[in-house]
Every structure is written in C-alpha cells, then in structure tokens.
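The values are calculated or read from the model by the stated rules, or taken from the named source; none is laboratory data. Computed from a predicted structure; not experimentally measured. Cβ: placed from backbone, ideal geometry, glycine included. Neighbour counts: every protein chain shown.
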Amino acid sequence: MFLRKTMLAACCASTLLPLTTVYAAQAQQFPSEQGSISATPIAIGLDHPWAVAFLPDKQGFLVTERPGHLRVVSPDGKLSAPLTGVPQVWAKGQGGLLDVALSPDFKQDRLVYLSYAEGGGEGGTAGTAVGRGRLADDLSGLHDFKVILRQEPKLSTGNHFGSRLAFDRDGYLFVSLGENNDRPTAQDLDKLQGKVVRIYPDGRVPDDNPFVGQPGVRPEIWSYGQRNPQGLALNPWSGTLWENEHGPRGGDEINLIERGKNYGWPLATHGINYSLTPIPEAKGKAVEGTVAPHHVWEKSPAISGMAFYDADRFKAWQHNLFIGALASQELIRLQFDGDKAIHEERLLGGLNARIRDVRQGPDGFLYVLTDEDDGVLYRVGLNQD
C-alpha cells in the first residue's frame, strides 16, 4: 500500500509541472490594494458547486455539487465520477447537497461529513440533515454513511437550509441551520430552525450544552435567533466561532457565536421584506436580550462561505477574513484591529460570478468556488514580484 501511494504521489508530482504552465496561461489578473491577484482555474464544469475540502497528502479536493453529487477534483483538475454512497438529497429551490468537512482525525478514520437538504416532511417539506461516511481508499465513494443530525420538524418548501459545518479545537462539531423561511421558529427552542448546534462527531449531545435538561428544549442548541447561515469558521487566533448569514432585504451580518446567546432574528434586524414592507416581528435593529451583529451590511451582498487567512505565503493577507458574495459577485476582504473590522475591500468582481465558497488551502492559496451551471474552482493568490 505504501509503495502504491508513493508511486501515485510521484506520478502526480511529475504531471503537475507542465499543467502548472497550462494553468498559468489561463490565469486571470485582477487589481487589489495590495497588488495584482491571479485567479487560476483548477477545475471547470462543476454543477453549482457549494463547498470544497482538501484531501491530505496532495490527493486533491472534495467538492459538493448542489444537485446531489460529491466529486473528487484531482491535483491536475480532473473531475471524478460522482462518488457512491452519498445520501439522496432534496435538490429543490435552495436545497441540495451543501457543505463538506473532513474529520479532524481524517488520516486515521477517513470520515467525511456532509450537510444537505433532506425531504420526507409533512406535505412534501424538507429540512437540513448532517451525516458522515468513510471515504474509500481509492476515493470512489463513501462507505457506511450514517445520519447524525436531523432538523426536525422539516418545514422548508425550498428556502433557508443553511448550512455549514465547523469543528472547534476540542473536536466538537458545530452546524449552522437555517430557519426554513419560517421566521418565528428561529426563537422557538423546541425546534432546530434558525440555530447553531453543537454535537459530538458521532451526533451525541454534550452534557454541557446550554439547554441540556430543560423541558421542551432541543439539547443540541448552542445559539439561536439565526436566519439563513451561509458561513461558519473558527477564528484560528482566538478559537472563537464566527458565523455569517443572509439578512432579508438588507442586514447581512457576521456574528461571534457564544454559548446560549440569542442573535435576534426575527425580533432584531437591519433589513426589511423583499416586498419593501417591515418584518412583522421586528422590534428594531437592537433588541434587549439579543446580541447585536459583530458586523453588518445595510445593503446585502448576499454573503456566503468564509475563511480566515493565517498562512505565511501572503503576509499582506494575514489576520484577514475572506467572504464570498453571491449577489454582488465578489470576494470580500475584511481587515481587523483585534476583532473589529476596520477596512473592507471587494475583490474578483471581474469574474462576474457568484462566489459560493472560499477556503484557505494547505499551500497558503485561497480556493474559491463559483456557483454557476458551469462552476469553477479557482486558486487565488497575490502576485509577488
């Protein structure tokens, strides 16, 4: 096995050099405040890709496609056939196959976590589910896939599933869940709509979750009052959990997620209905007993996946936060003084594409997914002359 892997690695390494030249010819250049940026297509032809994860030992990438496929993208950009063993998803509206994350102990257990929209609710409704399966050694599929979390009741007719996955430093799994476009449920503690939950990697509930033992309350809940979370990331310097979510018309926000806190939706919001009418339940932008957003956009860029940058490759990006934007079709860069955002820059607008996910790769580059019929996985970096 070791010999086969060694030969495969050597083969991949030998083919990467000429392909890098091909990619360089295809790279697009864009301006930024810190110098020009290259966006190099690694894989094309993806069907509404939603999330990317990095396989160890330079084996490539795992990419989810919202219609229900999980694919391997090889280091040289080849797309695999859809992996077997992936659960059936409810691919309607905003539903489908959503986030992907590797187990913190992936090299030992090879577990892959997926979040997705699952049907079967009353009247044809759907909700978010999370499960895990073991990735085959030949990368062809997932074995023994098991659901570890279900959003119940299932209330969505097509909108607001969330959902992102993040492991903290202690190995707990956090899952962000949309409110299924049923606003009041975000405040209902007997439901998992509009929540961030905290579970063990196998789905068990930790005894020290804030609402454990309270009658009529879901013990998985870590925080509540979320609308439609689209980004979830652990701050690598502080260990705090950051979440971002879509507001209605206006009011996209970033939140620092804390144990047992209420983040306000729909009681507190900076937005209004798409019909230009007020949110019926809203009492203002700030409401007593709720946590105000850490950062807010009055005009919604429709933020999506996000990643902190802590690599050494691009010093100018260190301690920055990058967030995809769907409506404004940009990559947002936030610069901080401590935890306070002090500067914002919009990047990659020239791609004219909805940016669904952004991740920092093990090589120090950013990797960006565009949510299109012919979606692309880009490698993004500063040009350093």
The correct count of residues that are without any contact (Cβ under 8 Å) to a residue 12 or more places away in the chain and either crowded, with 21+ Cβ neighbours inside 10 Å or assigned to a helix (DSSP H, G or I) (or both) in region 314-332 is 1
For region 156-185, how many residues are surrounded by fewer than 18 Cβ atoms within 10 Å (Cβ to Cβ) and among the basic types (K, R)? 1
Among residues of region 274-305, those that are acidic (D, E), more than 30 Å from V52 (Cα to Cα) and surrounded by fewer than 12 Cβ atoms within 10 Å (Cβ to Cβ), counted: 1
Hey, A51 hits all of (1) closer than 20 Å to A353 by Cα; (2) out of contact with any Asp or Glu (no Cβ under 8 Å at 6 or more places or on another chain) but one; which does it fall short on? (2)
So, in region 186-199, of the ones that are free of Cβ contacts under 8 Å to residues at least 40 places away in the same chain and touching a strand residue (DSSP E or B) at 6+ places or on another chain (Cβ under 7 Å), which residue ends up surrounded by the most Cβ atoms within 10 Å (Cβ to Cβ)? K195
Pick from region 30-60 the residues that are of a type outside the set (D, E), at positive phi and assigned to a loop (DSSP other than H, G, I, E, B): which of them is surrounded by the fewest Cβ atoms within 10 Å (Cβ to Cβ)? G35
Give region 123-165 a look and list any residue that's outside any strand (DSSP E or B) and touching an Asp or Glu at 6+ places or on another chain (Cβ under 6 Å), or say none. L155, H160
Among the strands (runs of 3 or more DSSP E) confined wholly to region 166-273, which include 3 or more residues that are modelled with pLDDT of 95 or more and either of a type outside the set (F, W, Y) or more than 30 Å from H319 (Cβ to Cβ) (or both)? 173-177, 195-199, 228-234, 241-246, 252-257
Is it true that some residue in region 215-223 is within 16 Å of N159 (Cβ to Cβ) and buried (at least 24 other Cβ atoms within 10 Å of the Cβ)? no
Is it true that some residue in region 237-244 is without any contact (Cβ under 8 Å) to a residue 60 or more places away in the chain, over 28 Å from K146 (Cα atoms) and of a type in the set (G, A, S)? no
Note down all Cβ pairs under 8 Å where the first residue falls in region 279-302 and is under 29 Å from Q335 (Cβ atoms) and at pLDDT 95 or above, the second is surrounded by fewer than 18 Cβ atoms within 10 Å (Cβ to Cβ) and among the charged types (D, E, K, R), and they're at least six residues apart or on different chains. V291/E258; A292/K285; H294/D339; S300/R249
Condition broken by L369, with the remaining ones in (1) touching a Pro at 6+ places or on another chain (Cβ under 7 Å); (2) not hydroxyl-bearing (S, T, Y); (3) not in a strand (DSSP E or B) satisfied: (3)
Please determine whether any residue of region 91-99 is surrounded by fewer than 22 Cβ atoms within 10 Å (Cβ to Cβ), touching a strand residue (DSSP E or B) at 6+ places or on another chain (Cβ under 6 Å) and either of a type in the set (A, V, I, L, M, F, W, C) or closer than 18 Å to V368 by Cβ (or both). no
Polar (S, T, N, Q), more than 22 Å from R204 (Cβ to Cβ), surrounded by fewer than 20 Cβ atoms within 10 Å (Cβ to Cβ) and touching a residue at least 60 places away in the same chain (Cβ under 8 Å): does that describe Q88? no
